[in-house]
Structure formats: C-alpha cells, structure tokens
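Notes for the one structure printed next.
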Amino acid sequence: MHLSSLLLACTAGLSGAAAKTTQPILFAGSYTRQEAWVNGTGKGIYTFKFNASDGSLTPFGVTQVGTNPMYVQGSTKTFSDGKPIPYAINSVGDNSTNQPGTQTGFVSALTLQSDGTLKTLNTLETQGAVPVHISLSPNENFVVVSNYANSVTMYPLKDDGSLSSKTFHQAFPIGSNVVASRQASGHPHSTMWLPHSNHVVVADLGSDELHQYELDQENQTLKSIGSVHSLPGSGPRHMAHHPNGRFAYVVGELTNSVSVYKIA
C-alpha cells in the first residue's frame with residue numbers, strides 16, 4: 001500500500017487530535033524556553049483528565065521532562081507492566097555525546113503515575129537536531145522520530161515499552177529551494193503509517209516530497225520504496241488518512257494548503 005497521485009490541493013485550516021490511551025488522559029507537550037519561532041513558557045508535559053460526556057478537561061499534573069518536550073505520542077498497547085506508554089521528544093539541538101561534533105535532540109519513554117505526573121523509563125539521543133514529531137508503528141513495536149534538521153530515526157521497543165538503541169537513521173540533505181529561507185535542505189516534519197500496511201510516509205517540508213518506506217520487522221529497519229512530489233514550495237508538514245483508508249490528506253505549511261492523495 002502506498003501513496004499515488006495527487007488528487008486535490010486547497011487552502012484549509014489545521015486541526016489535531018490527541019492520541020487514544022486506555023485511560024481518559026490527555027497529554028500536552030510544551031516549549032519551555034524562548035526560541036526564534038516561539039516564546040516558550042511551558043513547564044513541561046501537562047496531563048488532563050478528559051470528560052467524554054461534555055468534552056471538558058481537568059488539570060491533573062505537570063512534569064518537567066527536559067527542555068522543550070513539545071510533542072507527546074500516546075500508545076494503546078499495554079506493555080509488561082500493564083500500562084500504555086507515552087513517548088515524548090525534546091526539541092533541541094544539543095551537542096551529541098554519542099557522535100561528538102554533531103547536534104541532537106532526545107526521545108523518552110514515560111509512564112503515567114497515579115498523581116498525574118510522568119516517570120521517565122529511558123531517554124536516547126535522536127541523532128538529529130530539533131525533533132518535532134513521533135509516530136508508532138501499527139503494532140506499536142517501533143517508534144519513529146522526525147528530526148526537523150534533516151533526518152528520521154527509528155527505535156525498536158522493549159517488552160516494558162522502553163526504547164532500544166536505534167536501528168534505522170536516514171538523512172535528507174537535499175531541499176527543493178523553492179522557498180530558499182525554508183527549503184535549503186530536507187526538513188522531515190512528521191511521519192504517518194498507512195492503514196492496514198507496514199508502510200510509513202515521511203512528510204519532508206524542505207524537499208516538497210513524501211518519502212515512502214516499508215518496515216522490515218525481521219531486520220528492524222526501513223526500506224525506501226520511492227517518493228511522491230507535493231506542490232513546489234508547499235512544504236508538506238503533517239498528514240492524516242481517511243477512515244476508509246483510501247485517501248491521505250497533507251498540510252502544506254508554506255502555502256496554507258491541504259492536498260489529497262489516493263492510497264493505492
């Protein structure tokens with residue numbers, strides 16, 4: 001299963017939804033320091049109790065989880081301790097310990113405590129600066145992190161939900177240069193797993209491409225199966241697929257657009 005032709009592009013607004021968990025708990029990441037694009041004043045990762053009957057949220061807890069834990073991905077799978085595990089990134093560009101001379105962000109596996117706070121299981125480098133997105137494979141055995149600087153990294157998950165060492169890393173150094181200030185190199189902004197398949201799509205804002213990969217579970221890696229071009233200068237950022245599994249929708253950040261693709 002893969003993306004095929006571009007069917008439609010139109011202007012539209014952005015929306016998002018929280019990941020489902022086995023408990024009615026919502027996780028909200030935040031920027032915790034000032035950056036060039038945001039004055040981050042958050043205190044960490046916030047948890048809220050969600051009332052499904054009226055849609056209200058009740059503050060539950062807040063946990064400091066490093067700097068800029070701005071994206072959190074919940075899970076539905078119960079691991080060995082009987083709890084689903086949320087994953088969070090630190091959107092930073094710190095000096096790498098594993099690869100001196102390079103910059104990195106961080107990804108953490110967490111557990112929810114009874115008081116609404118979070119406990120860190122483990123934290124690993126993302127091998128790329130400024131991670132901005134996390135996705136889980138359909139069987140929730142792998143985590144994929146999008147590093148805005150220009151790469152994607154994948155980690156297998158252990159039985160307790162913690163992160164194993166990376167088994168896949170791909171850099172995207174080439175940009176489209178249509179919008180020179182934003183597209184001088186590749187900028188993976190998110191990944192999306194296609195429904196009922198082991199295929200994952202990388203939205204590359206910098207190259208105006210949707211890179212497609214197939215998961216090789218036995219070798220714990222991703223294999224390239226081609227790319228689909230988006231509109232020049234559109235800057236694909238985030239994606240969602242229709243519940244019927246036949247269409248994918250891609251937000252173009254740089255043109256304030258939404259494009260529709262057929263899933264074949």
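General remarks:
- Spin-label model, residue 240/residue 50: points 7 Å from Cα along the beta carbon direction are separated by 1.3 nm.
- Packing-based ranking, highest mean first, of 85-95, 188-198, 241-251 given that Cβ atoms within 10 Å are counted: 85-95, 188-198, 241-251
- Rotationally averaged projected area of region 122-264 (alpha carbon convex hull; nm²): 8.3 nm²
- Rounded Å value of the spacing that divides the Cα centres of region 69-88 and region 22-49: 16 Å
- The alpha-carbon of residue 166 sits under 21 angstrom from the alpha-carbons of these lysines, leaving out residues fewer than 8 places away in its chain: 77, 158, 223.
- C-alpha center-to-center spacing [region 246-264, region 122-166] in angstrom: 24 Å
- Relative contact order %, region 132-244, counting alpha carbon pairs below 8 Å whose residues are six or more apart: 20 percent
- Each residue of region 141-150 was assigned a 3J(HN,Hα) from its phi angle through the Karplus curve 6.51 cos²θ - 1.76 cosθ + 1.60 (θ = phi - 60°); the sequence is 9, 9, 10, 10, 10, 9, 9, 4, 3, 2 Hz, with glycine and proline shown as x.
- With contacts taken as Cα pairs under 8 Å and at least 6 residues apart, region 80-162 reaches a relative contact order of 26 percent.
- Near residue 160: Cβ cut-off under 15 Å, other residues only, Lys/Arg at +1 and Asp/Glu at -1. The net charge is +1.
- For the chain, radius of gyration divided by Kirkwood radius, i.e. Rg to Rh on alpha-carbons: 0.95
- Put simply, the amide H of residue 91, placed in the peptide plane, has neighbours under 5 Å in 70, leaving out anything fewer than 5 places away on its chain.
- Relative contact order (percent, whole number), region 80-120, Cα cutoff 8 Å, 6+ residue spacing: 37 percent
- Note on residue 99 and residue 224: the extension gain reaches 42.5 nm, defined as 0.36 nm multiplied by sequence separation minus the Cα-Cα distance.
Rule-based calculations on the coordinates, nothing more; no lab input. A quick note: this is a predicted structure, and the numbers were derived from the prediction, not measured. Neighbour counts are summed over all protein chains in view; Cβ atoms, including those assigned to glycine, are modelled from backbone coordinates with ideal geometry.
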